[in-house]
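The values are calculated or read from the model by the stated rules, or taken from the named source; none is laboratory data. All of these numbers come straight from a predicted model, not from anything done at the bench. Cβ placement follows ideal geometry from the backbone for every residue including glycine, while neighbour counts extend to all protein chains displayed.
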Amino acid sequence: MNEAGLCRGETLTTDHLVKVYRGAARPALNELTLSIGEGQIFGLLGPNGAGKTTAISVMNTFLRPTSGGVTVCGIDVVKYPRRAKKLIGYVPQDIALYPDLSVRENLRFFGRIYGLRGKGLERRIDECAEFVGLEGNLDQRIFTFSGGMKRRANLAAGLIHEPKVLFLDEPTVGIDPQSRNLILERLAALKDKTTMVYTTHYMREAELLCSYVVIMDAGEIIAEGAPEDLLRRDPSCTNLEELFIALTGKQLRD
């Protein structure tokens, strides 16, 4: 990473990443190799149990791999997790906010974790709240929010420290169309300065938002490319959801 804190070259890479859980019959990740460029919205897709959550957990320092490497802006995530964490934001599928605290109090708490203080922190709180359409609700407690408002507040918390890489794990699941539309619009607007890794079961979202997608199954990559290129390779499929089903099958995954 250079002195200005900007990434040079590939923002995020994984090199033959393997994760084997104790007692498991097969690896959760099997030689996963990715290269994600700066400003890319990268879709990580797959059925339940494909390895997406494990991959994200390893890439954002929550889980150590069995073997292989991960770098964020040139920093070895396995060797230097504390340095890498400063560059990473995470918006989990479960709402990761304190329900009895207000939006402002939550954002202040998470901002301080990343070393923000004083006027700079208060400015970021205002900016993030406005970005997700919650500027009028800053002092409202989270437990009073609708599902869509909680999702937007969750996104604000992941952005508070201006991460270079933002992991989004199903950020629009179970919300109203208006909140989903706002979140997708805001993420599209972020791509010039934030690299994103995006997981979703809404294939239409991935098709519209992501510049590149990887489809995983059983811990391995089974297809990758720009959505339009993937569809061009298989003329029998008219959209990404049809291609996804063709590749991963119709069998239910619990």
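Numbers below:
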| item | result |
| --- | --- |
| Those residues of segment 171-220 which are within 14 Å of the chain's Cα centre (by Cα), hydrophobic (A, V, I, L, M, F, W, C) and either at pLDDT below 90 or not in a helix (DSSP H, G or I) (or both), in sequence order | Val173, Met196, Val197, Cys210, Val213, Val214 |
| Test: Phe167 is more than 26 Å from Cys73 (Cα to Cα), aromatic (Phe, Trp, Tyr) and either in contact with a strand residue (DSSP E or B) (Cβ under 9 Å, 6 or more places away or on another chain) or without any contact (Cβ under 8 Å) to a residue 40 or more places away in the chain (or both) | no |
| Residue check, Ala223 touching a helix residue (DSSP H, G or I) at 6+ places or on another chain (Cβ under 9 Å), outside any strand (DSSP E or B) and more than 18 Å from Arg152 (Cβ to Cβ) | no |
| Filter result for Glu207 (surrounded by fewer than 17 Cβ atoms within 10 Å (Cβ to Cβ), farther than 23 Å from Asp94 by Cα and in contact with a strand residue (DSSP E or B) (Cβ under 9 Å, 6 or more places away or on another chain)) | no |
| Residues (over 26 Å from Glu207 (Cα atoms) and either touching a residue at least 24 places away in the same chain (Cβ under 8 Å) or charged (D, E, K, R) (or both)) located in segment 22-47 | Arg22, Arg26, Pro27 |
| Check on Ala157, part of a helix (DSSP H, G or I) and either of a type in the set (Ser, Thr, Tyr) or loosely packed, with under 14 Cβ neighbours inside 10 Å (or both) | no |
| In segment 110-138, residue nearest to Arg82 (Cα to Cα) [restricted to those that are buried (at least 17 other Cβ atoms within 10 Å of the Cβ) and out of contact with any Lys or Arg (no Cβ under 7 Å at 6 or more places or on another chain)] | Phe110 |
| Only listed residue being in contact (Cβ under 8 Å) with a residue 60 or more places away in the chain, part of a helix (DSSP H, G or I) and of a type outside the set (Val, Ile, Thr), chosen from Ala129, Ala50, Ala96, Ala55 | Ala55 |
| Members of segment 224-247 found to be aliphatic (A, V, I, L, M) and either without any contact (Cβ under 8 Å) to a residue 24 or more places away in the chain or crowded, with 20+ Cβ neighbours inside 10 Å (or both), listed by number | Ala226, Leu230, Leu231, Leu240, Leu243, Ile245, Ala246 |
| Among (1) within 20 Å of Ser35 (Cα to Cα); (2) part of a helix (DSSP H, G or I), the one test that Val78 misses | (2) |
| Test for Lys164: is it crowded, with 17+ Cβ neighbours inside 10 Å and within 15 Å of the chain's Cα centre (by Cα) | yes |
| Residue count, segment 99-126 (criterion: in contact (Cβ under 8 Å) with a residue 40 or more places away in the chain, in a loop (DSSP other than H, G, I, E, B) and over 22 Å from Asn60 (Cβ atoms)) | 3 |
| Sole residue being of a type in the set (Gly, Ala, Ser), under 15 Å from Pro92 (Cβ atoms) and modelled with pLDDT of 90 or more, chosen from Gly148, Gly158 | Gly158 |
